[in-house]
Amino acid sequence: MEKVKVAIIGTGNIGTDLMLKLERSETLQLTALIGIDPDSDGVKRAKERGYKTFTDGLEDFLKMNESLAEIFFDATSAKAHVRHAKLLKAEGKQVLDLTPAARGPFVVPTVNLGEHLDAENINLITCGGQATIPMVHAVNRVCSVDYAEIVATISSKSAGPGTRANIDEFTQTTSLGIEKVGGAKKGKAIIILNPAEPPILMRDTVYALVEEGAMDEDKVRESIKEMEASVQSYVPGYHLRTEPIIEGNRVTVFIEVEGAGDYLPKYSGNLDIMTAAAVKVAEEFAKKKLNGHQ
Amino acid sequence: MTKSRDITITEVALRDGSHAIGHQYTLEQVTAVSKALDEANVPYIEVSHGDGLGGSSQQFGTSLTDEMKLIEAAVSVSKQAKVAVLLLPGVGTMKDLRQAADIGAKMARVATHVTEADVSPQHINLAKELGMETVGFLMMSHMAPVAKLVEQAKLMESYGADTVYVVDSAGALLPYEVRERIRAMRQELTVNIGFHGHNNLSLAMANTLVAIEEGATRIDGSIRCLGAGAGNTQTEVLIAVLERMGLNTGVDLYKMMDLAENIVAPILKKPQEIAKDSLVMGYAGVYSSFLLHAQRAAKQFDIDSRDILIELGKRKVVGGQEDMIIDVASEIAKRQKIVNA
């Protein structure tokens, strides 16, 4: 089967995990890793696996390799992404933004991917958003959600310095995603870091308050179950910890996300769900491109 | 007439006490308590949702009254006292802090779990920029070894905290543990050291006195122990004890006793006491704010609330993880069903 060429910008944990996930893809062909640190573990592993590596940044890469990739994953920082987005736009390339820069539309694969298949730049919100917005949507598609609140608890070890120094970015971006993609009239997000050893798996709780009198218990339960299966199709370690609890107009959903353990350890379900979602989105982009050529 | 205070008291009943009454403070209550505290010359009054700014939620309980309205009310009746707010990064945001500063809050207390101080620099910096006095609040201090606590306290100092608190959120610290913590911090830090106790093991007063002995000068109390779990160090009693020790707090003891009796006591549905659940929290090292949540879950699943709390302690659950209570309760209920079947 024909494959679409892709490249990863950023050779840290996320970029390296993406590299391993892309090796399983039937529609994407990873060609290059682009970074700024020649000594990083990511660059070393990429070389071992036969990928081209570039350690002078995206500008340098684009000067000489315009045909090496059609789709890019940006796993750097919000600040760097703003620059990368401009460069890639000028080249007519598609980019998936895994940083909190939020230049392009928010995308959650199981909710609104179809609307943005031709977008030049899409943003993957946050890990908490990828884990919980599908469930907000699952409730909202059967009973209108007035208010949704999510609590993401992640192991301290899986929260990098970027997340820690800008923790408001998580709460604000996730809240916005709950509203814009999840469909809740109002959204709220809370993040908790837990330092327990051995590290805990990512846990997310979703509270959704549906419109007064709109609750349909059976439909809500069914919709949530369906959504669990949909997310599992690209994040196998995603599951409900227990049956959803429905009291009056409130639905509470308990989720746990175990990572695939590609490059990142299994407890980093929060990072894994981002890389898994990115690959899923890129595969859909690729299918669209391949069909377009026929 | 006011000589300088040896010990500076922050009254937390209007914030920590919010847990004990399910976040149901009214504007009238907060106004009356703040006014009386101001008249008794209490220097700092903390007002916020129990879990800090932005805490009103499904996870922690929704506030009856918008906390910004409560802060405004406290500010409006405080002639000498400064109003403080609590903020937990990950729950409250810089936007909330700006709003609180705009309406007159003068002190920001930025709280993190004892090992996670590095989520606080943004908020401490902003508070500084807004001209607020800043406090770093290291919660669940019993869960980290002394060296780790000191390292985290130094981080908060480096971000610009004017004071760093040892916060015994679970009321689990024993006096000698408070002693070694405050002593080590006093040796390594140049900023003020504070102590915030909970009375789950009936040690809040003893721990507070040990903290003062070792050099803590900023102390939290709650009038009538109106705080999470079994409540905090009882402010009016502390004032009396410190006076007997010759330490000046600048606070009027008689006025505090009157306020406790006439204004705060009627707010409490029942007096704060150490009952089995709060005792177990201190014993197992569980976040005091979990008390009412665990009692509700115990009822819902028809199990013993102590079993839930002990299990939460074993799993090293931290502050803010209220959603784990239902999770653990449902697991225990399932297990018990199997055993009884």
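Read-outs: derived from the displayed coordinates by stated rules, not from any lab. Keep in mind that this is a model prediction, so the values were computed, not measured. We place every Cβ from the backbone using ideal geometry, glycine too, and count neighbours over all the protein chains shown.
Here is how the numbers come out for the structure above:
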item	result
Average other protein chain Cβ within 10 Å of Cβ, residues B:313-326	5
Nearest-20 debye value, chain B charge dipole, Cβ charges on Lys, Arg, Asp, Glu	320 debye
Which of A:Ile133, A:Pro105, A:Val145, positive extreme of dipole for chain A (C-beta unit charges)	A:Pro105
Residues with amide H under 5 Å from that of B:Val114, placed H, sequence gap 5 or more	B:Met139
Subset of B:Lys106/B:Lys269; A:Lys186/B:Lys269; A:Lys63/A:Lys86; A:Lys219/B:Lys299; A:Lys3/A:Lys86 violating a 22 Å alpha-carbon distance limit	B:Lys106/B:Lys269; A:Lys186/B:Lys269; A:Lys219/B:Lys299; A:Lys3/A:Lys86
Those GluC sites (Glu not before Pro) in the range A:179-279 that DSSP places in a loop and that have at most 15 other beta carbons within 10 Å	A:Glu211, A:Glu212
Whole-number percent relative contact order across the range B:276-340, with pairs defined as alpha carbons under 8 Å at least 6 apart	36 percent
Shape box of the protein assembly as shown [Cα atoms, principal axes, largest first, Å]	88, 57, 44
Computed magnitude of the charge dipole of the range A:127-266 (debye, nearest 20; Cβ of K, R +1, Cβ of D, E -1)	340 debye
The range B:94-236: Rg to Rh, with Rh as the Kirkwood radius over Cα pairs	0.96
HN-Hα J in Hz across the range A:101-118 - Karplus 6.51, -1.76, 1.60, θ = phi - 60°, x for Gly and Pro	4, 6, 7, x, x, 5, 10, 10, x, 7, 10, 9, 4, x, 6, 10, 5, 9
Computed Kirkwood radius, in angstrom, where 1/r is averaged over Cα pairs of the range B:164-317	16.3 Å
Under 5 Å, built H, 5+ apart or other chain: amide partners of A:Ile192	A:Ala152, A:Thr153, A:Ile154
Separation between Cα centres of the range A:211-289 and the range A:1-43, rounded to whole Å	25 Å
Peptide A:143-149, shielding by other chains (average Cβ, 10 Å cutoff)	1
Extension gain (nm, one decimal) between B:Glu331 and B:Tyr254, 0.36 nm per residue minus Cα-Cα	22.7 nm
Residue exposure sequence - A:Leu22, B:Leu226 - by fewest surrounding Cβ within 10 Å	A:Leu22, B:Leu226
CD proxy at 222 nm, helix term only [per DSSP H run n ≥ 4: -39500 (n - 2.57); per residue of the protein assembly as shown; nearest 500]	-13000 deg cm²/dmol
Charge dipole magnitude, Cβ of K and R +1, D and E -1 - the range B:44-153, Cα centre, debye nearest 20	240 debye
Formal net charge of residues neighbouring B:Ala81 (Cβ-Cβ distance under 10 Å; K, R +1; D, E -1)	+1
The range B:79-172: relative contact order in percent, alpha carbon pairs under 8 Å with at least 6 residues between	27 percent
Loop-located trypsin sites (Lys or Arg not before Pro) in the range B:178-271, at most 14 other Cβ atoms within 10 Å (DSSP)	B:Lys269
Inter-chain Cβ neighbour average for residues A:168-178, partner chain, 10 Å	3
Intensity falloff of the range B:8-267 expressed as log10 I(q)/I(0), Debye formula with alpha-carbon point scatterers, at q = 0.10 Å⁻¹	-0.42
Residue-by-residue Karplus 3J(HN,Hα) for the range A:127-134, coefficients 6.51, -1.76, 1.60, Hz, glycine and proline x	4, x, x, 4, 7, 10, 4, x
Cα-based Rg of chain A normalised by 2.2 N^0.38 Å, two decimals	0.99
Cα gyration tensor, the range B:276-340 - rounded (a/c under 1.5), prolate or oblate	prolate
Evaluated at q = 0.19 Å⁻¹: base-10 log I(q)/I(0), Debye formula over Cα of the range A:127-266	-1.08
